[in-house]
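The values are calculated or read from the model by the stated rules, or taken from the named source; none is laboratory data. All figures in this text were calculated on a predicted structure; none of them were measured in a lab. Because the Cβ atoms are built from the backbone with ideal geometry, glycine has one as well, and the counts that use them run over all protein chains shown. These area figures cover heavy atoms from the full protein model, side chains too; ligands, DNA and RNA do not enter into them. Shrake-Rupley method; radii C 1.70, N 1.55, O 1.52, S 1.80 Å.
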Amino acid sequence: MSEDTVVMKFGGTSVADAQRIKQAARRIVARKEEGRRVVVVLSARGKTTDELIAMAQEVSPAPDPRELDMLLSTGERISCALCAMAIHDLGHQAISLTGSQAGIVTDTSHTKARILDVRADRIEAALGDGAIALVAGFQGVSTARDVTTLGRGGSDTTAVALAAAVGAEVCEIYTDVAGVFNADPRLVPGARKLGVVSFEEMLEMAASGAGVLQLRAVEYARTHGVRIHCRSSFDEAPGTLVISEEETMEHPLITAVTHSTDEARVTLLGVPDEPGVAGRIFTALADANVNVDMIIQNEPVSDDIQAEISFTVPRDDLRVAREALEPIVAQLGMAPIVTDEGMGKVSIIGAGMKSHPGVAAKVFRTLGDEGINIEMIATSPIKISCVVRGDQVPRAVQKLHAAFELGEDAVVAEHPFGASA
Ligand code: ADP
Ligand code: ASP
Ligand code: MG
């Protein structure tokens, strides 16, 4: 491991216009001038990825995934080329690389590919020449030699994977908030920044909607022992360190409230009450690469109450889920598929709840007192998630944040590495 290598990732807002690209370039150069080897990962500027998706949908309602990836991968390339130009003007060498040129090898699942290998020799060569390596985030090349993308927010994963490959001391994720907060600061004005958060809690947070770090980035960091420092691109203050469980000093009962408003529920009615049916249904969804979240199955209690399976999927996966299920539904003579696209989810996360009963009761009471109906529930040892109507999510988050006293007086673990971390 080379102690003097750092990976710096800048998100979309942090490179949104010329001014910000120049600002990022200055920050990158400052790191280089400290004597470090610097690898940079950039996201597409501002809303570019959304605009590219909209552009594709204008010509095709269900764009071919391979071609969609060709299109989407261009956003981050623009950022890298522009930033390289800005760095040149500051008197430093910089080279921009596509994900493929940077040696990011993925599987073949277009639009949500997984990184299989990082062949960092070209980056190492650039660093060896004294250059700053700028890598287009969110993309790679598949084992079938096609361009792939890594799913929304995937530049975080590019950064962590590169940090592991080049043995960086830290993977810095520069974003438009000061770090990881105990609720989305856009929704909860009183949300507090966490100095540290454990991998275990960060995984649950990312999986339940805290989009500040992509879930796969956190998984990859945990597996490969990469230290993540999530911080603001607008100031120098230390942000949030994601560290191992053993390094965290104390566990508040509840660490954070998270949410998502892009859930869809699928309900299958008249499911034959026999072994193997659920296996067929969920295998079809897995084969179609649909990420199923919560699942509820009801047994038929009498002749007129049918067996029913309900589950949630990301709204973007609904069309594919439907296509995967329709043949099975027809074959087994089930009722037509019922879907609801307006669902959301609110979750509370905290390693401290492992040893404290009564947390779930308090969540349900808090939501009940607000007249918010809980439609589905899922738990893990350190998380309780409730599916509610999407339009009720903001109120649910704010009330839970207040009920668990996560505002001003919250006890938040301190940053153990000081301001220089
Ligand atoms: P970037 O473009 O830098 O990758 P993202 O939009 O992906 O930025 O992630 C940062 C955003 O994540 C913030 O602007 C914030 O609204 C949102 N967010 C959601 N939950 C949290 C949280 N718990 N802490 C911090 N930010 C959060
Ligand atoms: N540009 C991609 C997105 O908007 C990837 C990223 O920003 O991490 O999802
Ligand atoms: Mg992001």
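Below is a table of values for the structure above.
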{"read-out": "Residues that are closer than 22 Å to residue 315 by Cβ and either more than 12 Å from ligand 2 (Cβ to nearest atom) or aromatic (Phe, Trp, Tyr) (or both), drawn from segment 112-147", "value": "113, 114, 138"}
{"read-out": "Residue 355 open to solvent by less than 20 Å² (accessible area, probe 1.4 Å) and either touching a strand residue (DSSP E or B) at 6+ places or on another chain (Cβ under 6 Å) or within 19 Å of residue 251 (Cα to Cα) (or both)", "value": "no"}
{"read-out": "Selection status of residue 219, touching a Leu at 6+ places or on another chain (Cβ under 7 Å), touching a residue at least 12 places away in the same chain (Cβ under 8 Å), open to solvent by 30 Å² or more (accessible area, probe 1.4 Å) and closer than 28 Å to residue 248 by Cβ", "value": "yes"}
{"read-out": "Neighbours by Cβ (under 7 Å, 6+ apart or cross-chain): first from segment 44-64, at positive phi; second within 16 Å of ligand 3 (Cβ to nearest atom) and not aliphatic (A, V, I, L, M)", "value": "46/12; 46/13"}
{"read-out": "Which numbered condition residue 9 misses (of (1) among the charged types (D, E, K, R); (2) more than 14 Å from residue 135 (Cα to Cα); (3) in a strand (DSSP E or B))", "value": "(2)"}
{"read-out": "Subset of segment 109-127 that is assigned to a loop (DSSP other than H, G, I, E, B) and on the phi < 0 side of the Ramachandran plot - its residue that is most open to solvent (accessible area, probe 1.4 Å)", "value": "119"}
{"read-out": "Search result, residues across segment 43-85 that are open to solvent by 30 Å² or more (accessible area, probe 1.4 Å), within 18 Å of residue 8 (Cα to Cα), of a type in the set (D, E, K, R) and part of a helix (DSSP H, G or I)", "value": "77"}
{"read-out": "Every residue from segment 162-202 that is open to solvent by 30 Å² or more (accessible area, probe 1.4 Å), in contact (Cβ under 8 Å) with a residue 24 or more places away in the chain and either assigned to a loop (DSSP other than H, G, I, E, B) or in contact with a Leu (Cβ under 8 Å, 6 or more places away or on another chain) (or both)", "value": "169, 176, 177, 178, 181, 184, 187, 190, 192"}
{"read-out": "Residue within segment 224-233 that is assigned to a helix (DSSP H, G or I) and at pLDDT 95 or above present", "value": "yes"}
